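Derivation of every value follows stated rules applied to the coordinates shown; laboratory data play no part. Not measured: the values here are computed from a predicted model. Note that each Cβ is placed from the backbone with ideal geometry, even for glycine, and that neighbours are counted across all protein chains shown.
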Amino acid sequence: MKVKKFEIQACCGKKAVIFKTDQPVTKDTLASFLTLGFQEAPNFTKAGILYVTNDYFVISGPIGSDKLQIKCRVVECEEKLKSLEETLSNL
């Protein structure tokens, strides 16, 4: 999966990170995140939204869309984002 990273202005002077993929997010994408150690929020999945978390990120986006919103949970975000982008490219 090819991934492009975009940073957009968000609330309170922060930046939001969006990953745009070359293919739509599917339940297979969700399964891939689960094998990488992410945890699913089943209530979101039932509503058609991918919502997974781990120690570093909260990743969300509508199933069927080609965009994922990434929220960092750690200070060293940029380094972790590069690793995540590389991992997603290999899916």
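Numbers for the structure displayed
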{"quantity": "Computed helical MRE - 222 nm, the chain, DSSP H runs ≥ 4 contributing -39500 (n - 2.57), nearest 500", "calculated": "-8500 deg cm²/dmol"}
{"quantity": "Cut-off 12 Å between beta-carbons: net charge of the residues surrounding E85, Lys and Arg +1, Asp and Glu -1", "calculated": "+3"}
{"quantity": "Neighbourhood net charge (15 Å Cβ-Cβ; Lys/Arg +1, Asp/Glu -1) for T35", "calculated": "-1"}
{"quantity": "Built amide H within the under 5 Å cut-off of I49, gap 5+", "calculated": "I63"}
{"quantity": "Folded to 0 to 90 degrees: helix 77-89 orientation relative to the chain principal axis, Cα", "calculated": "30 degrees"}
{"quantity": "Footprinting exposure proxy for L36, L68 (fewest neighbouring C-beta atoms within 10 Å first)", "calculated": "L36, L68"}
{"quantity": "Relative contact order for the chain, counting Cα pairs under 8 Å that sit 6 or more residues apart, in percent", "calculated": "29 percent"}
{"quantity": "For I70, net neighbour charge (Lys/Arg +1, Asp/Glu -1) across residues whose Cβ lies under 15 Å away", "calculated": "+2"}
